[in-house]
Amino acid sequence: MAQRSAAFRSGRFYLPTAELANTSTKFGNISPAFNNTYDVSINFSKAQGGLKNFIDSHGFYDQQDAGSYLALFCSEAVLPGSDIQVAQVDGLRQGISQKYATFRRFPDIILTYYLQTDYYTNDVFNAWMEFISPSNSRENLSHRRIKYPETYKCDMEITAFSRDIKDEFSKLNKTSKFNNQLPSSITYKLRNVFPSSIVAAPLAYGKAELIKTSITFKYDEYFIDRSSRIENILSESRLNDRIVKA
């Protein structure tokens, strides 16, 4: 006899409205996440060939940590995905085609940044690509010599987090960082990142708009860290023991 569907076996076909906010299940927090609280940071120090110094030298002011500074201007980000490449075998069983996994691949990611009035954002990514494929001079563009991968590949972190960053005493001291609490979050840690394309930013007469530039990044792989907060309890996937914060 065929089984009933999972919806009927589990009782989910009847879901009281209260369960949407205060769940009684073992999964804990089921509140939906929003897409406008996130952070993107690039660790230029990871590269071994002087990339950080090369990029820092392009700033007109004392901007010695471009990866952290640019986090303020990342207007659009994505949580990376992954693909499983599949092969197929026909005929191992009569009339059946079987599929199996071969490789796991990580699609490119595209990040969009606002430009400042001194166009520092564009200069950072142009400098990064110039470091990868430097020209001999401004006059001689006849050939280029590509750098070795370990000299220009960096690490990147993309973190999405919830809005519950203030504890119950936030109204007493709104500007203090000491009454901030770590929120629920998920962090994608991308390894060996480098830009492969800078999308042209259009300029036009008419109504003024903020200038944005989009960068396509390649990377080798990523791994994920996650945290979950339920009231004063914060659990992190990187730790074996639960952290309790009063």
Please give the FRET efficiency for ASN180 paired with GLU231, using the beta carbon to beta carbon distance and R0 = 22 Å, rounded to the nearest 0.05.
0.90
For the pair ASP90 and ILE110, how long in nm is the line joining their label points, each one 7 Å along Cα→Cβ?
3.6
Packing-based ranking, highest mean first, of 32-40, 153-161, 189-197, 96-104 given that Cβ atoms within 10 Å are counted
153-161, 189-197, 32-40, 96-104
How much length would be gained if the chain were fully extended between PHE8 and HIS58, taking 0.36 nm per residue of separation minus their Cα-Cα distance, in nm to one decimal?
11.7 nm
Send over a whole-number figure in Å² for the accessible area per residue of the stretch 91-137, probe 1.4 Å.
60
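What full-extension length gain, to one decimal in nm, is calculated for THR102 and LEU79 as 0.36 nm per residue of separation minus the Cα-Cα distance?
Between THR102 and LEU79, full extension yields 5.9 nm more.
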At 1.002 mPa s and 20 °C, Stokes D of the stretch 185-232 from Kirkwood alpha-carbon radius, µm² per second:
148
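The values are calculated or read from the model by the stated rules, or taken from the named source; none is laboratory data. This is a predicted model, so every value here is computed, not measured. When we count neighbours, we look across all protein chains shown, and the Cβ atoms used for this are built from the backbone with ideal geometry, even at glycine. Calculation scope for accessible area: heavy atoms of the full protein, side chains included, ligands and nucleic acids excluded. Shrake-Rupley method; radii C 1.70, N 1.55, O 1.52, S 1.80 Å.
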